[in-house]
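Below is one structure; the comments refer to it alone.
The values are calculated or read from the model by the stated rules, or taken from the named source; none is laboratory data. Note that the structure is a prediction, hence the values are computed from the model and not measured. Glycine gets a Cβ as well: all are built from the backbone with ideal geometry, and neighbour counts include every protein chain shown.
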Amino acid sequence: MSTPYRIAIVGAASIRGKQLNEALSESSFAPSEFLLMDDQEALGQLEAVGDEITFIQTITADSFERVDFTFFAGAAELTRRHWPAAQRAGSSVVDLSGGLEGETGVLVCAPWLQEAMGEAAVAIAPNLHTPAVVSAHPAALVLALLLERLQHLGAIRSVSATVLEPASEYGKAALDELHQQTVALLSFQSIPTQVYDVQVAFNTVGAFGEGAKISLSDSEARIRRHYALLSGGRLPQLSLQLIHVPAFHGHTFSIAVEYERPVTLEQIEATLSGAHMELILGDVDAPGNLNSIGDQDVSVRVRFDEEGVSQSRRLWLWASADNLELSVLNAVECAQELRKLRPQGKVQ
């Protein structure tokens, strides 16, 4: 039997931290010893790790001693503050916050895509010199997975995608404010705008207010950047816009694809079918936020731009995915890749 690891989750009280905790408990890392850490506000909070109950502890200078893997699932600032200590301790670092983007040697990682691309994905595969990996943005991962398969049918002339983003991408504070705005509007009261600085309840928006604590343009730029890094020039160029919608969880995607030559629906369905992808052929259980919650696959439906034709160069894809589930599953897969680079159950 293999020796268990010691695994730290920093930002354990965040919604991504809680979901990551569950994903790790259901993975091959389940026998490991887990350390839950966060900032002062969450200290002492009880959490379940598999069948065990533990509490969230403070982060100190020696918190990462003998820790094999450290997952940063909280705020980007929290990651930037504590990741040097984890690195010095020899821990393999997986960043779900995006706080380590731009750090020397840090890679954006997407093992499912690496597997699909084979040798072409060497540029996004970690090695012994990789100081940390950033788990790819879930929207960028969905787009890359779809387009990697679609390009096998032939040359793609253009791709345009509108990504519809939920509040959970910005954590518990954004979820709470969307809920509070909804209740306030139904009660004819003034709405809180501490997070968004704009009404997001019952509204679709392409930009947040000037006083917002989050930035939609930064999020769109991150998706573009991650897609480009994952692509490495081997996937079709993508035109993209990000829209925030009044949904709590789940990304949805409207994607227009134009090929150089006509293709059939049967060809499209055959090339999309496979691991991590659920193809919806009828109206029942069509892709959507609610249908995707808790689902580990990307749901996708395809139709031609024109009606009543057997083949076409232009088609539409409507897809959905659980953004939190996809994010933490990808992070666990990133750790599996880093696992290959270290001795079993022992910090290097």
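Some points to look at:
- Criterion violated by Leu281 - all others in (1) out of contact with any Pro (no Cβ under 9 Å at 6 or more places or on another chain); (2) in a loop (DSSP other than H, G, I, E, B); (3) in contact (Cβ under 8 Å) with a residue 60 or more places away in the chain satisfied: (3)
- Ser187 vs. criteria more than 27 Å from Asp305 (Cβ to Cβ), among the hydroxyl-bearing types (Ser, Thr, Tyr) and in contact with a helix residue (DSSP H, G or I) (Cβ under 7 Å, 6 or more places away or on another chain): no
- Qualifying residue in segment 266-280 (condition: acidic (Asp, Glu), surrounded by fewer than 20 Cβ atoms within 10 Å (Cβ to Cβ) and under 18 Å from the mean Cα position of the chain (by Cα)): no
- Residue check for Ile255: in a loop (DSSP other than H, G, I, E, B), β-branched (Val, Ile, Thr) and surrounded by 14 or more Cβ atoms within 10 Å (Cβ to Cβ): no
- Output for segment 16-38, where each listed residue is of a type in the set (A, V, I, L, M, F, W, C) and under 14 Å from Ile56 (Cα atoms): Phe34, Leu35, Leu36, Met37
- Take the conditions (1) surrounded by 14 or more Cβ atoms within 10 Å (Cβ to Cβ); (2) at pLDDT below 95; (3) under 20 Å from the mean Cα position of the chain (by Cα); Arg222 misses just one of them, which is (2).
- Flag for Ser327 being of a type in the set (Gly, Ala, Ser), at pLDDT 95 or above and either part of a helix (DSSP H, G or I) or more than 18 Å from the chain's Cα centre (by Cα) (or both): yes
- All positions within segment 70-92 that are surrounded by 16 or more Cβ atoms within 10 Å (Cβ to Cβ) and more than 16 Å from Asp38 (Cα to Cα): Gln87, Ala89, Ser91, Ser92
- You will find that of Val257, Val298, the residue that is of a type in the set (A, V, I, L, M, F, W, C), outside the structural domain of Val67 (by TED's automatic domain parsing) and in contact with an Asp or Glu (Cβ under 9 Å, 6 or more places away or on another chain) is Val298 and no other.
- Options Glu103, Glu169; residue that is among the charged types (D, E, K, R) and touching a residue at least 40 places away in the same chain (Cβ under 8 Å): Glu169
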